[in-house]
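Here's the structure, in structure tokens; my notes come after.
No value in this document is a laboratory result; all are computed from the given coordinates. Predicted, not measured: the structure shown is a model, and the values here were computed from it. A quick note on method: Cβ atoms are made from the backbone with ideal geometry, for glycine too, and the neighbour counts reach across all protein chains shown.
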Amino acid sequence: MRRDRLALLDEQGGRWTPRRKRLVLEAIFAGELSVTEACARWDLSLEELQSWQRDYQRYGLAGLKTTRIQAIREEEARRGRYQRL
């Protein structure tokens, strides 16, 4: 499965869609890929990967959608749950 998932990620290239982000996270969770390998392979920051993980765990696939997570964070900020940096 490792090769299939990672090959799919490499083939898709370009834009980070919610599905592609989820595949990276699933590969990390399954032990098929380390965080360090993912950061190096796709030029991602540790903070970016951590935000994907946090948003995925809180909101599922919808949390990985850029426009959706912005709306969620704005709502949480209004409620005092999320602090913008």
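Structural remarks
- Given their separation in residues at 0.36 nm each and the Cα-Cα distance between them, ARG78 and GLU37 gain 11.1 nm when the chain is fully extended.
- Approximate spin-label separation SER51-GLU26, in nm, with each point projected 7 Å along Cα-to-Cβ: 2.4
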